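Read the structure below first, then the notes.
The values are calculated or read from the model by the stated rules, or taken from the named source; none is laboratory data. Source: prediction; values computed, not measured. When we count neighbours, we look across all protein chains shown, and the Cβ atoms used for this are built from the backbone with ideal geometry, even at glycine.
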Amino acid sequence: MDIKNITIKQAHELLMSKKMSVLELVESVLKIAEGIHNLNAYLEIFDDVQKQVEVAQKMIDEGNAVLLTGIPFAMKDNILIKGHTASASSKMLEHYVATYDAGVTKKLRDAGAIFIGRTNMDEFAMGGSTETSAFGVTKNPHDITRVPGGSSGGSAAVVAAGAALGALGTDTGGSIRQPASFCGVVGLKPTYGSVSRSGLMAMASSLDQAGPFAKTVEDAEIIFDCIKGHDPMDSTSYPDDFLKREFKKPKVIGVPTEFVRAKGVDPRVLKNFEETLESMKKEGYEVREISLPALSHSLAVYYILMPAEVSSNLARFDGVRYGYHAEGTNLLGDYLRSRGEGFGREVRRRILLGTYVLSSGYYDAYYGRACLAREILKRDLVEAFKEVDLIATPTAPTPAFKIGEKTSDPLQMYLADIFTVPVNIAGVPAISIPSGFVEEGNAKIPLGVQFIAPHFEEDVLFTVGKDFERCVQN
Ligand code: GLN
């Protein structure tokens, strides 16, 4: 049995037909997990797996199983699981133990999914390479000299390595889609408000969403179907009847050509993207060039709105109520030392940026204008979706880069988010799907294509994604 490459759907069938028990499945996956210590993708493998296995097996035996029952699952370290540490890969929360389940955790638990461990990430989800983690970088399973992407790099890496069948990440500006692309797996950022944010550690609340990593589009859909839906604990989550949309088969793919050909996009990425569009045409899709001038402002908008929200959300970590504490000579000294030592450089940089753009002298010039530009981008997208059913871009402008390559130049790192941030600014859903490889020495480094759909039309993404997977296989 090829456990490393098995999908959720296939594992489910084996469990249901009793060709395999939950224990056998979980033990085989745990064995793979033990074998990838060198990747530093798991921060912890949980010790209560046995208990969860019993619950899941009982659900199967009593005929109460659903698709995720008994499926070994990994969770990003900023998603709360009651009784387990959740550190957001920060020294600030190194010993913090969650006192309740996140909304998404609860849904997965009710479905009988088995949480096997928590995965490494950029500190508080700030980064695109998992290099800002306080607990060391995660390595890309396709080439251990390269980053897995970020911030959910650990979740992407464990799924790519077969050390979990599915995983959750969070995506504020690309942190599910970009690592999915770098590691050669599927990653979905759902519509803002379709999945509960209760129990996720907030980075930038108007942009954050949790979503799945999986080996196939079908598996990503299975996970999304489980975690979506209204949660009274999250006031921005939409009522369930709002999520129901009439499905119409997508036909027209819009491509913002000018934007995609922007400076700095690797020619091999562009070539792969052209090939992707060609194969979609063969599948019967029409590809139409569209113009979205506001897209060129999205990085600037993101790097104002995001730090502004970060600076406000992270104010709660004062070293007094919970989290890392360092003793100063007075209360101010406590704050300065606790926050100065508890947070890493990137987090401190963003808090500084955020308090600057929100300060009274600069609020109108930066934060106010970024909010206006956000509305323009949303309006442009609504207009574009009158003409096309979905939009395609590469997921990232380059393949996975070398560890250390961009750490000394934060601006270079921020540019890697160019294709993913517009999606969070507008709140629409998008999926990244493996689209091929580039050869680098002896290694084959994965590439990904991103499809973007209108609000609440994840169905469109799953349909086009499955069509695309079929073309890639043939
Ligand atoms: N790479 C982006 C950033 O550094 C995205 C982060 C995220 O989506 N959490 O902000």
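Taking the criterion of being over 18 Å from Leu80 (Cα atoms) and either more than 9 Å from the ligand (Cβ to nearest atom) or in a loop (DSSP other than H, G, I, E, B) (or both), the residues of the range 165-183 that qualify are Leu165, Gly173, Gly174, Pro179, Ala180, Ser181, Phe182, Cys183.
Starting from residues that are outside any loop (DSSP other than H, G, I, E, B) and within 20 Å of the chain's Cα centre (by Cα), keep the ones in the range 391-409 and report whichever is nearest to Pro148 (Cα to Cα). Among residues in the range 391-409 that are outside any loop (DSSP other than H, G, I, E, B) and within 20 Å of the chain's Cα centre (by Cα), the one nearest to Pro148 (Cα to Cα) is Pro394.
Scanning the range 242-261 for residues that are surrounded by 17 or more Cβ atoms within 10 Å (Cβ to Cβ) and within 21 Å of Gly229 (Cα to Cα) yields a single hit, Leu243. Of the residues Val159, Val147, which is at pLDDT 95 or above, away from the ligand (no atom under 16 Å from the Cβ) and in contact with a strand residue (DSSP E or B) (Cβ under 8 Å, 6 or more places away or on another chain)? Only one candidate qualifies: Val159. Applying a threshold of 8 Å to beta carbon distances and a minimum spacing of six or more residues, or different chains, the list of pairs starting in the range 126-150 at a residue that is under 19 Å from Pro446 (Cβ atoms) and free of Cβ contacts under 8 Å to residues at least 40 places away in the same chain and ending at one that is aliphatic (A, V, I, L, M) and within 15 Å of the ligand (Cβ to nearest atom) reads Gly150/Met121.
Each residue in the range 184-200 was checked for being in contact with a Phe, Trp or Tyr (Cβ under 9 Å, 6 or more places away or on another chain) and within 12 Å of the ligand (Cβ to nearest atom), and 1 of them qualify.
Results for (1) outside any loop (DSSP other than H, G, I, E, B); (2) away from the ligand (no atom under 16 Å from the Cβ); (3) under 23 Å from Gly319 (Cβ atoms), shown as yes or no for each residue.
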| site | (1), (2), (3) |
| --- | --- |
| Ile81 | no, yes, no |
| Val104 | yes, no, no |
| Lys107 | yes, yes, no |
| Asp110 | yes, yes, no |
| Phe115 | yes, yes, no |
| Gly127 | no, no, yes |
| Thr130 | no, no, no |
| Phe135 | no, yes, yes |
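Any residue at all in the range 352-368 that's buried (at least 18 other Cβ atoms within 10 Å of the Cβ), among the hydroxyl-bearing types (Ser, Thr, Tyr) and either farther than 29 Å from Val421 by Cα or within 13 Å of the ligand (Cβ to nearest atom) (or both)? No, the range 352-368 contains no residue that is buried (at least 18 other Cβ atoms within 10 Å of the Cβ), among the hydroxyl-bearing types (Ser, Thr, Tyr) and either farther than 29 Å from Val421 by Cα or within 13 Å of the ligand (Cβ to nearest atom) (or both). For the range 89-101, the criterion of being within 28 Å of Ile418 (Cα to Cα), in contact (Cβ under 8 Å) with a residue 12 or more places away in the chain and of a type in the set (Asp, Glu) is met by none of the residues. In the range 245-274, which residues are of a type in the set (Asp, Glu), part of a loop (DSSP other than H, G, I, E, B) and within 20 Å of Phe385 (Cβ to Cβ)? Within the range 245-274, just Glu246 meets the criteria. On the stretch given as the range 14-56, residues that are surrounded by 14 or more Cβ atoms within 10 Å (Cβ to Cβ) and either farther than 28 Å from Val137 by Cβ or over 25 Å from the mean Cα position of the chain (by Cα) (or both) total 15. The set of residues in the range 382-438 that are basic (Lys, Arg) and without any contact (Cβ under 8 Å) to a residue 12 or more places away in the chain contains only Lys386. Pairs linking a residue in the range 292-306 that is farther than 10 Å from Ile425 by Cα and within 13 Å of the ligand (Cβ to nearest atom) to a residue that is hydrophobic (A, V, I, L, M, F, W, C) and at pLDDT 95 or above, with Cβ atoms under 7 Å and 6 or more positions apart or on different chains, are Ile304/Val357; Ile304/Ala370. Yes or no: the range 431-454 includes at least one residue that is part of a loop (DSSP other than H, G, I, E, B), of a type in the set (A, V, I, L, M), within 18 Å of Pro256 (Cβ to Cβ) and modelled with pLDDT of 95 or more. Yes, because at least one residue in the range 431-454 is part of a loop (DSSP other than H, G, I, E, B), of a type in the set (A, V, I, L, M), within 18 Å of Pro256 (Cβ to Cβ) and modelled with pLDDT of 95 or more. Being among the hydrophobic types (A, V, I, L, M, F, W, C) and either assigned to a helix (DSSP H, G or I) or at pLDDT below 95 (or both) is the requirement here; does Leu15 meet it? So Leu15 fits the description; yes.
In the range 204-216, the residue that is nearest to Gly448 (Cα to Cα) out of those that are over 13 Å from the mean Cα position of the chain (by Cα) and buried (at least 22 other Cβ atoms within 10 Å of the Cβ) is Lys215. Taking the criterion of being more than 12 Å from the ligand (Cβ to nearest atom), in contact with a Gly (Cβ under 6 Å, 6 or more places away or on another chain) and not small (Gly, Ala, Ser), the residues of the range 404-452 that qualify are Ile431, Ile433, Pro434, Pro446, Leu447.
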